[in-house]
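Asker: Just passing along the structure, written as structure tokens.
Nothing in this text is a laboratory measurement; each read-out follows from the coordinates by a stated rule. Computed from a predicted structure; not experimentally measured. Every residue, glycine as well, gets a Cβ built from its backbone with ideal geometry; the counts of neighbours run over all protein chains shown.
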Amino acid sequence: MLSLDQRALRICWTVFLFLLLLGVIYEIRDTLLVFAGAIFFAYMLSPIVGVVERLFRSGAGWRWGWFISAWWAAWWGLGLRWCRLWRTRR
């Protein structure tokens, strides 16, 4: 008479699994944030990658592809240097 029925056990099991999932998400929240940032960064770089791919397909585009890649690398390096300088001057 006082035993648990199957429906109540299923509800308890579902609630337990849901809370376990929330706990796991809470514990790995930093990793998930980095992963979401990486996906966003890749989404933002997608048009640039498309342009570089189109340049690499054509015969004369190799020089432009390398130029664009070097240009972006230089700006990225300057940005990192600026960030380091800005951080040390604070």
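Asker: Per-residue HN-Hα couplings for segment 23-30, Karplus 6.51 cos²θ - 1.76 cosθ + 1.60 at θ = phi - 60°, whole Hz, x for Gly and Pro?
Answerer: Ordered by residue, 3J(HN,Hα) equals x, 5, 4, 5, 6, 9, 4, 5 Hz.
Asker: Continuing with the same structure: Quick one, what does Rg over Rh come out to for segment 6-89 if you take C-alpha atoms and the Kirkwood Rh?
Answerer: Numbers: Rg = 23.1 Å, Rh = 17.4 Å.
That ratio is 1.33, to two decimals.
Asker: A further question on this structure: Can you give the Rg/Rh ratio of segment 1-45, where Rg is from the C-alpha atoms and Rh is the Kirkwood radius?
Answerer: Result for segment 1-45 is an Rg/Rh of 1.38.
Asker: Using the Cα centre as the reference, give the magnitude of the dipole from point charges on the C-beta atoms of segment 6-89 (Lys, Arg: +1; Asp, Glu: -1; all else neutral), rounded to the nearest 20 debye.
Answerer: 180
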